[in-house]
Amino acid sequence: MTLAYQIVAWILIILTLLPLVKNPHWVFRVPDFGKIQLFIMQVMVLLVSPFLFRETLWTSLALLAVTLFNGFTLYRYTPLYRTSTRPPTRLASRTVSIVSLNVYQDNRNYGKFMELINRLNPDLILTMESDTGWDKALSGLDKDYPYSVKVPLDNTYGMHLFSRLKLQKTAKHFFVADDLPSIEAEVVSADGFTFKIFALHPPPPSPTEEETSRERDGDMLSVAKAIRKNKDIPTVAIGDFNCVAWAEASRLFVKTSELIDPRIGRGFISTFHARYRLLRFPIDQVYHSADIFVKELKTLPDVDSDHLPVLFSFVIAPHNDSQDELKEEADAEDLQAVNEKIEEGKEEEGNR
């Protein structure tokens, strides 16, 4: 019993410590995805420690330390942390809604997703992993969503943005690789408010895809720099980031872009894997500027993808002090790290 406890405890300790190593290899980056599950398992193992305390004192103390570390990190993403801020109703725009989904390229149940869209009737729709097959299926949206930016690709990084609201100044970016798109568009709401949307889907570090996180981080942080250059306009960044909110790359993203993570004080909003509730991670992200106020952020029912869809609805209004407090700012060291990671991402692609 004591040996089994020691082995399990040290595995949980090591998995917590690995992401603290600044190495982009997937071995060090992947354990960050499971921080929620790690925390739960650590608490469960600690419940056994009083019965083995004499034989496992130092192991139990080390396990307690990493459990507290994980708990403190995750606490920010629970309703216990902070209540949401409310905009001045008189000055706010009408509600704008976005549905975002990594459709899973091999998922051919197009009808289930279209039924969801018809039921929710969102203002904007973002799909990722939408290939030429999905491009054909999604063309049924063109009548109700006359504005669109389409990048159908068969490499699992295709992307489509549909909008019933006017899109202007649209752009397709390929920041770190010629086959890895992101979308930028300026949107005009029904009542004349203008905001920007950035849609992205960088590749994950994993044993089956990218060996390192360099390309993911470079793509994310290139978008963050683009947002930083135009931070005077309300902005939403949304997509399958393949990165959890507490990871180093995400922290650099919010600092550089000066956007706010709406999960803070609301919940984890875990999206992947759709079929395995106990192994579900929050990797589909939404970030917004201080003049955007969240009305709703939640997952939607499974539509046969490996991700759950995300619904994000908001209003635009003058920001206030409480909203500004949620922003984080990058210092010179952070900005240097951002530039280095962007260059590393480009070099990673160039070395193939």
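Quick notes on this one:
- Accessible surface, per residue, of the stretch 204-352 when the full set of protein chains is kept, probe 1.4 Å, Å²: 39 Å²
- Antiparallel bridges, percent of DSSP beta bridges restricted to the stretch 90-190 (to nearest 5): 75 percent
- Dipole of the stretch 197-352, positive end: most advanced residue of Val315, Leu335, Val236 [Cβ charges, Cα centre]: Val315
- Fraction of accessible area attributable to carbon and sulfur, the chain (%, probe 1.4 Å): 56 percent
- Spread of Cα-to-Cα distances over 20 Å intervals beginning at zero, given as percent, for the chain: 29, 57, 13, 1
- The trypsin sites (Lys or Arg not before Pro) of the stretch 81-159 that DSSP puts in a loop, and whose beta carbon has at most 13 other beta carbons within 10 Å, are Arg94, Arg108, Lys143.
- Mean ellipticity per residue at 222 nm, deg cm²/dmol - from DSSP H runs of n ≥ 4 across the chain, formula -39500 (n - 2.57): -10500 deg cm²/dmol
- At the residue level, Ile342 shows approximately 10 square angstrom of accessible surface with a 1.4 angstrom probe and all protein chains present.
- For the stretch 40-187, the solvent-accessible area works out to 52 Å² per residue, with a probe of 1.4 Å and every protein chain left in place.
- Over the stretch 229-285, the ratio between the Cα radius of gyration and 2.2 N^0.38 Å evaluates to 1.23.
- Projecting the Cα atoms of Ser270, Phe175, Ser213 onto the charge dipole of the chain, computed from C-beta unit charges around the Cα centre, puts Ser270 farthest toward the positive end.
- Peptides ranked, highest mean first, by Cβ atoms within 10 Å: ranges 219-229, 17-27: 219-229, 17-27
- Between the residues Val27, Ser289, Ala249, the greatest Cα displacement towards the positive end of the dipole of the chain, with unit charges on the Cβ of Lys, Arg, Asp and Glu, is found for Ser289.
- Over 16 Å [Cα-Cα, the stretch 259-352], rounded percent: 67 percent
- Ligands, DNA and RNA excluded, the heavy atoms of Asp154 present near 100 Å² of accessible surface to a 1.4 Å solvent probe.
- Distance from the stretch 186-203 to the stretch 268-303 (C-alpha centre basis), Å: 18 Å
- Anisotropy class assigned to the stretch 120-266 is oblate, per the alpha carbon gyration tensor with a/c at or over the 1.5 cut-off and a/b no larger than b/c.
- Sorting 185-192, 167-174 by their mean Cβ neighbour count within 10 Å, with the most densely packed peptide first, gives 185-192, 167-174.
- Overall, the stretch 262-329 carries a charge dipole of about 400 debye about its Cα centre when +1 sits on the Cβ of Lys and Arg and -1 on the Cβ of Asp and Glu, all other atoms neutral.
- Taking all protein chains together, His201, His273 sort by accessible area into His273, His201, largest first [probe 1.4 Å].
- Dipole magnitude for the chain: about 1160 debye, using +1 per Lys or Arg Cβ and -1 per Asp or Glu Cβ, origin at the Cα centre.
The values are calculated or read from the model by the stated rules, or taken from the named source; none is laboratory data. Because the structure is predicted, anything quoted here is derived from the model rather than measured. FYI the Cβ positions are ideal-geometry reconstructions off the backbone, even for glycines, and counts take in every protein chain you see. Each accessible area value is taken on the protein alone, full model and side chains, heavy atoms only, with ligands, DNA and RNA left out. Shrake-Rupley method; radii C 1.70, N 1.55, O 1.52, S 1.80 Å.
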